[in-house]
Structures are given as structure tokens and as C-alpha cells.
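So that we are looking at the same thing, I have put the structure below in C-alpha cells.
The values are calculated or read from the model by the stated rules, or taken from the named source; none is laboratory data. Every value quoted in this text rests on a predicted model; they were computed, and no experiment measured them. Because the Cβ atoms are built from the backbone with ideal geometry, glycine has one as well, and the counts that use them run over all protein chains shown. Protein only, heavy atoms only, side chains kept; ligands, DNA and RNA dropped before computing areas. Shrake-Rupley method; radii C 1.70, N 1.55, O 1.52, S 1.80 Å.
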Amino acid sequence: MDFFTLLSVEEAQARLLAAVRRRMPAERVATAAATGRVTAVPVLAAEDLPPFDRSSVDGYAVRSADTFGASEALPSYLTVTAEIAMGAAPTVPLNPGEAQKIATGGALPEGADAVIMVEHTEQSAPDEIAALRPVSPGENVMHRGEDCRAGEELLPAGRLLRAQEVALLSHAGILEVDVVRRPRVAIISTGDELVPADQVPAPGQIRESNGQALQALVRRDGGEPTFLGLARDDETQILALLQQGMAYDVILISGGSSVGTRDLTSELIGRLGSPGVLVHGVKLKPGKPTILAVADGVPVIGLPGHPVSAQVSYNLFVTPLLRQMQGLSPEPEFRPTVRARLTKNVASATGRTDVVRVRLFRRDGELWAEPVHGKSGLITTLVKADGLVVIPSAREGLLAGDTVEVEVLE
Ligand code: AMP
Ligand code: MG
């Protein structure tokens with residue numbers, strides 16, 4: 001893996017995304033359980049929302065013309081003929097010179113075209129109010145169909161459903177929604193030294209952790225992870241798990257990035273199907289020994305074994321992949337970042353993308369980013385980090401005091 005034959009992060013991402021054509025099929029789920037899912041088709045409104053003209057304030061339904069020119073000095077006096085009950089249709093039409101008491105969300109009676117806020121009225125007699133200001137036609141009214149009209153698109157295809165989208169669908173009486181099926185992601189960890197987390201490691205062994213981290217990241221990105229297990233650095237075991245993984249939509253295999261085993265992993269991935277390995281090594285630190293492949297339509301991502309490298313590489317290659325497979329743009333148009341000033345210089349080779357872990361802290365009202373040092377095998381460095389700073393390949397490094405965009409780690 002000669003440095004000069006490695007691909008840049010951008011080229012590697014582009015190769016992978018271009019080779020993956022698979023979109024997940026649609027499935028129908030209950031709206032109540034659809035948060036975090038992505039719409040597969042546009043969702044249309046079956047009815048006008050709101051379904052009737054509603055008041056947006058507590059006050060009196062009126063004919064706006066009756067209030068024209070009203071002031072504190074010269075109020076308009078209106079006879080109160082009814083009080084509109086919430087959740088019921090108004091029964092009494094509103095005639096000129098009249099008002100009806102109405103609460104926020106109440107249905108306007110026939111004949112009313114505005115609502116005057118209770119604060120802008122005075123009780124002038126038991127069944128009479130004084131309007132102290134004019135209201136214009138439509139004032140304080142949410143009109144029928146103002147949220148959306150029957151037949152209109154409520155949500156486009158490819159929309160990630162958050163709490164507010166789920167609320168809108170429920171409000172519109174749409175109890176089930178066609179969403180993209182979650183990509184099923186098989187996860188494999190490899191290494192002679194690894195034992196499952198519930199076992200006591202013998203001397204020379206360590207508990208495996210990438211399997212757990214990757215399951216959490218896949219869930220975060222809308223996928224459905226399955227941990228297939230641990231393979232020793234053994235051709236038969238690795239191949240058996242990889243072949244099991246071919247029943248899934250994506251395979252993630254971590255480890256096997258050290259000199260002795262690197263080519264074995266890549267060779268075994270290559271045997272799974274065509275076109276095979278697309279990228280073997282990326283100009284990325286940490287994360288250089290990343291393998292990107294597609295085997296008969298199934299993307300296979302070989303992540304480095306070092307826990308930090310595995311997560312950095314995951315974020316750069318697997319997150320966009322899972323987004324694309326769910327019908328989202330691979331890169332979001334914007335991400336939550338904060339701007340902070342670097343506490344020290346950070347070197348980076350030209351041509352290489354560097355991902356720097358930083359701890360954020362505030363001093364004298366300013367936000368600072370302190371690079372977290374430590375080898376990429378030290379998992380606590382990621383735990384200490386509040387965010388990541390990406391130094392693009394064209395940059396030679398960053399200087400102390402530079403303002404940088406920090407991607408906040410959720
Ligand atoms: P490798 O890529 O197999 O050469 O592994 C690089 C380093 O990451 C080694 O120190 C491994 O012990 C460690 N490593 C590999 N896989 C895992 C894993 N699943 N969990 C924790 N550490 C791992
Ligand atoms: Mg290994």
C-alpha cells in the first residue's frame with residue numbers, strides 16, 4: 001500500500017457511492033413508530049387542514065367591518081349572542097353588530113371573518129363588549145386549508161421523519177406511512193487477540209469493542225445492525241462470516257489492517273463477488289487501511305481495527321453510504337458544527353485528510369478546541385473528544401489561534 005497509490009477521501013467516497021446502485025425497497029410502518037425513517041414516496045393530504053376556520057387567540061368572533069375605526073376613545077359596541085364551545089360546531093350565525101365568545105382553536109361561526117383579542121375589548125354591559133381597536137378581515141384566524149389543502153403534498157419522498165413530521169402526519173389522519181426499509185448491516189470483527197466483551201481476556205487478549213461501536217453507529221444512521229461475531233485471523237473463519245454477510249444489505253468488517261493480515265482481508269472480500277475491491281487504502285489519518293468494495297450489489301467495507309480509525313473511517317464512508325441507500329443525499333447540506341479556536345498547531349501532510357479529535361472548552365467567553373492527543377488505538381481519546389476537526393487534503397495544517405469548524409460528536 002504505497003502512499004502515492006492511495007486514493008483521496010473524496011475520490012474513494014465517489015467510487016464507492018457510484019458503484020452502489022441499491023436503494024432499499026419501501027415498507028409500510030405505523031406513523032407512531034416512524035421517527036428516524038425516510039419517506040419512500042410523497043405523502044399527500046387527504047383533507048384540508050385545518051378542516052375549518054379556527055381562531056388563533058382567545059377573544060370574540062366578529063365581522064371585521066363592525067370594528068372599523070374603533071378606538072379606546074370611540075369603541076364599537078357589539079352584542080354578545082353566544083359562546084362557542086371547543087370541539088363543537090358553532091350553532092348560531094353571526095349577524096352585523098354581534099360578537100361571539102371564542103377560545104384559541106375554536107371554530108368561527110358563519111358570518112364572522114375575524115377575531116378580536118379579549119385584551120382589546122372591555123365588557124361594557126352583561127351581554128355587550130366594547131371593541132377598543134379595529135381588526136382587519138382574516139385577523140387572528142387560521143383559515144381552512146391554510147396548513148395544507150386536500151391533495152397537496154404534505155411531505156416529499158426522501159424526507160427524514162422527525163418529531164414534527166410525525167406530528168403533521170398524525171394531524172392529517174395518516175396513521176401509516178411508506179418509508180424506506182432500514183438497510184440491514186452485518187458486522188464482523190476479526191483478530192486472533194479478540195474475545196467477546198463478556199469474557200475475561202487471557203494474557204495477550206483484549207475484549208473486542210468495534211462490534212459494539214459499529215452497531216451503535218449503524219443505528220444512529222438509520223440502519224439495522226446484526227453482529228455476526230468474531231473471526232480469528234483465519235481464512236476459513238473470515239470467509240464463512242463474509243459469506244453469511246452476503247444475505248444482508250451491507251457488510252462491515254473491522255480488523256485485519258496490519259501488514260500480516262491486510263492483504264488476506266482484501267483478498268477474501270474480493271472473492272465474494274463483482275466488481276470486488278474498489279479502494280484499498282485512503283489518504284486519511286487515522287483510517288488509512290480502509291477497504292471499499294461491492295460484491296454482487298452488496299457494499300463491503302473493510303474498516304481498520306484501531307477503534308478510533310474504525311470510527312473515523314465509518315463516518316466518512318459508511319454514513320454517506322447508508323444515507324444514499326435510504327434515499328437521502330450522501331452528504332447532508334449542512335451539519336451541526338461549532339466554530340472554535342485551536343489551542344495549538346496541528347500538522348497535516350498535503351494530499352492527506354486529517355481528522356483531529358478535539359475537546360471543547362470555553363475561556364473568557366470564547367470557545368476553544370484542544371486537540372486530544374493519543375494513539376488511535378486508545379479508545380478513551382474518542383471519549384474525551386467533543387468533536388472532530390477535518391483538515392482537508394489541500395491544507396498543510398492549522399495554526400494555534402486559527403478558527404476552525406468543529407463537527408460535534410453526538
Ligand atoms: P488490525 O487492523 O487487525 O491490525 O488491528 C489493529 C489494532 O486494533 C490492534 O491493536 C487490534 O487489537 C485492534 N482491534 C482490532 N479489532 C478490534 C476490535 N473489534 N475491538 C477492539 N480492538 C480491535
Ligand atoms: Mg487484527
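Sorted by accessible area with a 1.4 angstrom probe, largest first, how do Phe361, Phe68, Phe52, Phe317 fall?
So the residues, ranked largest to smallest area, are Phe68, Phe52, Phe361, Phe317.
How much of the calculated P(r) for the chain lies past 35 Å, in percent of all Cα pairs?
Everything past 35 Å amounts to 49 percent.
I've got another one for you. Using a cut-off of 12 Å between beta-carbons, work out the net charge of the residues near Gly145 (Lys and Arg +1, Asp and Glu -1, Gly145 not included).
-3
Continuing with the same structure: For region 54-142, what does the accessible surface come to per residue with a 1.4 Å probe? Please give it in Å².
50
Still on this structure, I have one more. Pick from Ala89, Ala61, Ala45 the residue whose mean-square fluctuation is largest in a GNM of the chain, springs joining Cα atoms under 10 Å.
Ala89
Cα-based Rg (one decimal) and Dmax (whole number) for region 337-408, in Å?
For region 337-408, the Cα radius of gyration and maximum Cα-Cα distance read 11.7, 36 Å.
For Asp386, list long-range residues whose amide hydrogen, built 1.01 Å from N in the peptide plane, is under 5 Å from its own amide hydrogen.
Answer set, sorted by chain and number: Val358, Arg359, Leu360.
Please compute the net charge surrounding Gln205, taking Lys and Arg as +1 and Asp and Glu as -1 over other residues with Cβ under 10 Å from its Cβ.
-2
Using a 1.4 Å probe and ignoring any ligands, DNA or RNA, find the accessible area of Met142 and quote it in Å² to the nearest 10.
70
Using a 10 Å cut-off on Cβ atoms, rank the peptides 347-354, 386-393 from the highest mean neighbour count down.
Ranking, from highest mean packing down: 386-393, 347-354.
What is the ratio of the Cα radius of gyration of region 263-323 to 2.2 N^0.38 Å, where N is its residue count, to two decimals?
In units of the globular-protein estimate, region 263-323 measures up at 1.05.
As a test of the formula, what do you get for the chain when each DSSP H run with n ≥ 4 contributes -39,500 (n - 2.57) and the sum is divided by the residue count, at 222 nm and rounded to the nearest 500 deg cm²/dmol?
Helix-only estimate at 222 nm: -5000 deg cm²/dmol.
Lysines near Lys375 by alpha-carbon distance under 20 Å, same-chain residues fewer than 8 away left out - which ones?
List returned: Lys283, Lys285, Lys288, Lys344, Lys384.
Another one. In the Gaussian network model of the chain, springs joining C-alpha atoms below 10 Å, which of Lys283, Lys384, Lys101 carries the largest mean-square fluctuation?
In the Gaussian network model the winner is Lys101.
Given a 1.4 angstrom probe, what's the average accessible area per residue across region 337-408, in square angstrom?
Ligands and nucleic acids excluded, the figure is 54 Å² per residue.
Still on this structure, please answer the following. How much net charge surrounds Glu98 when only other residues with a Cβ under 15 Å from its Cβ are counted (Lys, Arg +1; Asp, Glu -1)?
With Lys, Arg at +1 and Asp, Glu at -1, the neighbours total -4.
In whole Hz and in residue order, list the ³J(HN,Hα) couplings for region 266-274 that follow from phi through the Karplus curve 6.51 cos²θ - 1.76 cosθ + 1.60, θ = phi - 60°; x for Gly and Pro.
Couplings: 4, 5, 5, 4, x, 7, 6, x, 9 Hz.
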